[in-house]
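Step one of this worksheet: look at the structure below.
The values are calculated or read from the model by the stated rules, or taken from the named source; none is laboratory data. These figures come from a predicted structure and were not determined experimentally. Every residue, glycine as well, gets a Cβ built from its backbone with ideal geometry; the counts of neighbours run over all protein chains shown. Keep in mind that these areas ignore ligands, DNA and RNA; they rest on the heavy atoms of the full protein, side chains included. Shrake-Rupley method; radii C 1.70, N 1.55, O 1.52, S 1.80 Å.
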Amino acid sequence: MKLSKKVLFLEAKNFLLGKTVLWGALSLMLFGIYGFYHGDNMISRQEQIISRIPAVQHDHLKNITMHGHGKSVGTTAYYPFFYTANPPSGWAKFSIGQRDINPFNLKVKILGIEGQLYDSELTNPLTLLVGNLDASFVFIFLFPLLIIAFTYNVLSEEQESGVWKIVRTSSVYTIQVILNKLLIRLAVLLLTSVAVFATGVFYLSLPLSYPTLQLGLVILAYHIFWFLLAVLIISLGKSSSFNATALVCIWIFLCILSPGIANVAINRLIQIPEAQQTAIKQREGYHEKWDMPKKPTMETFYVVYPQYRKYPIPENEYSAGWYYAMQFAGDAESEHSSAGLFEKLAKRQALSETIGHFNPVIAAQQLLNKIANTDLASHVQYLQSVKRHHKQLREYFYPAIFEEKLTENLDWNRYPEYKTIGYQAGPLLPGILPLLVLSILLIPVSAVLFKRNFIQLTDKQNA
């Protein structure tokens, strides 16, 4: 036992004194600190903009109503924007996800909503998989390279130098020697990972709650997967150059090629022309009604709001009630296209998660974005909340519009406030389970290969 501990200590000492450990851990820490800075800087800027919205909204509405003095509410209500915001979660700094491309605040008028929602492209969840150099990028894409550097020559270097022959002939516990070497590297890897993660928690002031624990568990499972994958390659008993080349090729495939191929496939399988079509249909549905009799437009409006039928709508002259009914009718005509858009976005999300079952890189990135509420699903929830808020706004102003109240006779500060959707928690197990299964499957395969390429070979040579 004492001899075994002494061998383990010497092995750990030799490994830790190597330049690879020092430079690898130091590089990861520096990249991690930059990732923390980048995520903190971007999300803090968004929070500053969001914090100024109430004052901007107040001044904007005050100016609009001041200029609308003496005019009807229907005339004045055309001009004001009503601001909404999608505040970042407490974990968005860790994994920015799609918050840098999707709008985090939208201002809407009480006109047709569909043409105001889709200012940016609604991409599929894989499009920006390799994006910001935030904390998640460091853990997902850079840490596997450190694992490769730690492990690719763990046995092959000694085979190539002839040391392994001495180990084989002097020790009857070859498997123990191999396990010692692997466990030392796994321990150093996990300590480095925990150190960088703890630095991130402190730097980004992440809440010490369950989502932070979820982030840590995903990263832990992901790094163990890569370590076991490296062990599998080592167990083949090939040279150091073969191991390094094979692991780097796997890294390129899983991190770059596979997400790119999946992105193209998803775009082809689930095309989304509805975002543009919805806006066009809403505008066409609205504009064509200028040249149509008013009655069909009003009947469409009365189906949902029959209480306004009592207000007269003159056929031969403009009226504010008819104008806003046209906006409503435009939205109604694009409703089917809008529903199709959200349905296809949900299908893209589901297909991306399915693909993630076969690619741990995609699965881990999606999990981090999901925990941080920075994925596509979170943005879609925000868009749907804006639509609900727009409906509340319209219904607040409709009575004053149809009653033809003057601007100064309406309390403009009592309009419905936008309510943020808040943090959306989700279960971790369904997303992380495929990653755990893949990792577990690697263990028996590696054990069989080690036995064939190292243990049995040693026994034969010792016989």
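Per residue, how much space in cubic angstrom lies within the convex hull of the C-alpha atoms of the chain?
Working: hull volume 68.8 nm³, N = 463.
Spread over its residues, the Cα hull of the chain gives 149 Å³ apiece.
So how tilted is helix 258-269 from the main axis of the chain? Cα-based, degrees 0 to 90, rounded to 10. Relative to the chain, helix 258-269 is tipped by roughly 30 degrees.
Relative contact order of region 138-271: 46 percent, from C-alpha pairs under 8 Å at least 6 residues apart in sequence. Over the chain, DSSP H runs of length four or greater, each weighted -39,500 (n - 2.57), average out per residue to a 222 nm ellipticity of -21500 deg cm²/dmol.
A 1.4 Å probe run over the protein chains yields, for the chain, 49 Å² of accessible area per residue, whole-number rounding. Between residue 62 and residue 437, the modelled labels are 6.0 nm apart [label points 7 Å from Cα along Cα→Cβ]. Here the simple spin-label model places points 7 Å from the Cα toward Cβ, and for residue 310 and residue 6 these points are separated by 10.1 nm. Listed by chain and number, the aspartates and glutamates whose alpha-carbon sits under 13 Å from that of residue 62, ignoring those within fewer than 8 places in the same chain, are 408, 411.
In this simple spin-label approximation, residue 173 and residue 27 carry label points 7 Å from Cα along the Cα→Cβ vector, and these lie 3.5 nm apart. The share of accessible area on the chain that comes from carbon and sulfur is 63 percent, using a 1.4 angstrom probe. Summing Cβ point charges (Lys, Arg +1; Asp, Glu -1) relative to the Cα centre of the chain gives a dipole of roughly 1720 debye.
Placing one equal scatterer on every Cα of region 214-271 and applying the Debye formula, the log10 ratio I(q)/I(0) at q = 0.12, 0.13 Å⁻¹ is -0.44, -0.50.
Classify region 181-224: rounded, prolate or oblate, from the alpha-carbon gyration tensor (a ≥ b ≥ c, eigenvalue square roots; a/c under 1.5 rounded; otherwise prolate if a/b is larger than b/c)? Verdict is oblate for region 181-224. Considering all C-alpha pairs of region 307-427, those separated by over 23 Å amount to 53%.
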